[in-house]
Each structure stands twice: as C-alpha cells, then as structure tokens.
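To keep things clear, I will list the structure first and then write my remarks on it.
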Amino acid sequence: MLYRFTFQQNIQPEAIEETLFWAVFNAESVFGKPRVRLDASFLFDREKKVCVIDKTTEVGQHIAQVFTSLITREFGEEAFKVERLPSKEKETT
C-alpha cells in the first residue's frame, strides 16, 4: 500500500522536501542507513507538491508516521490531504 500526500499551494516545496528528509533521517537513526536504503521507497514531486511513501515495510511505515507527525505540526492538519492507494505489486501477508 502507498500513501499519497498532496499539499496546498501555499506550502513551499522546499519545506516539504526538508520535512521528508528529517523523516528519512529519523528512520536511519532507528533502523540504520543500509536498511532504509534497502527497504524504503518514497518520492516527492516538487511541481505537483505530492509525496508518495510505500508503507509495505516496517521502515516505510515508520517514515510515513514520522512524516505525517512532522507535517501536521509544521503546516497544520488542513494543509495536506493523504490518500491510501493500493501498490501495483500484490502485497503478501
């Protein structure tokens, strides 16, 4: 499953990108840089102000949770919308 975060126009893309950086940095502190590099998948489109995080791994879930917490605190709950999207690959449980 993927989380797609869409931001209001008044939010600067640099601020979103920096917040994503801190969420990934936090995950590196918890899981280690190699595991984040192997298990995390995310992207940020600066023009559209859209961030997608794959939550199918423990690392991805952690990044999504920290990112959500940070953007809520920094920009407010009304500054973004988050949607759950199915991943293209079939998830296994």
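Using a 10 Å cut-off on Cβ atoms, rank the peptides 80-86, 19-25, 69-75 from the highest mean neighbour count down.
Working: 80-86: 11.7, 19-25: 18.0, 69-75: 15.3.
Ranked by mean Cβ neighbours within 10 Å, highest first: 19-25, 69-75, 80-86.
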Starting from the 7 Å offset along Cα-to-Cβ, what nm value, one decimal, do you get for the label separation of residue 84 and residue 57? 2.1
Rounded to the nearest 500 deg cm²/dmol, what is the calculated helix-only ellipticity per residue at 222 nm for the chain, with -39500 (n - 2.57) per DSSP H run of length n ≥ 4? -15500 deg cm²/dmol
Accessible area per residue for the chain in Å², computed with a 1.4 Å probe and the full protein assembly in place, what is it? 70
Spatially close lysines, pair count over the chain: Cα under 19 Å, gap of eight or more or interchain: 6
Relative to the chain, whose Cα atoms define the longest principal axis, helix 13-31 and its Cα axis are tilted in degrees, nearest 10, by 30
Cβ-placed point charges (K, R +1; D, E -1), dipole of the chain about Cα centre in debye, nearest 20: 220
Relative to the first principal axis of the alpha-carbon coordinates of the chain, what is the inclination of helix 58-75, with its axis defined by its Cα atoms, in degrees from 0 to 90 and to the nearest 10? 10
Ignoring ligands, DNA and RNA, please state the percent of accessible area on the chain from carbon and sulfur, probe 1.4 Å. 49
Please report the Cα spread of the chain along all three principal axes, rounded to whole Å, starting with the longest. 37, 29, 21
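The values are calculated or read from the model by the stated rules, or taken from the named source; none is laboratory data. Note that the structure is a prediction, hence the values are computed from the model and not measured. Cβ sites come from the backbone with ideal geometry, for glycine too, and all protein chains shown count toward neighbours. To get the accessible areas, we keep the full protein, side chains included, count just its heavy atoms, and leave off ligands, DNA and RNA. Shrake-Rupley method; radii C 1.70, N 1.55, O 1.52, S 1.80 Å.
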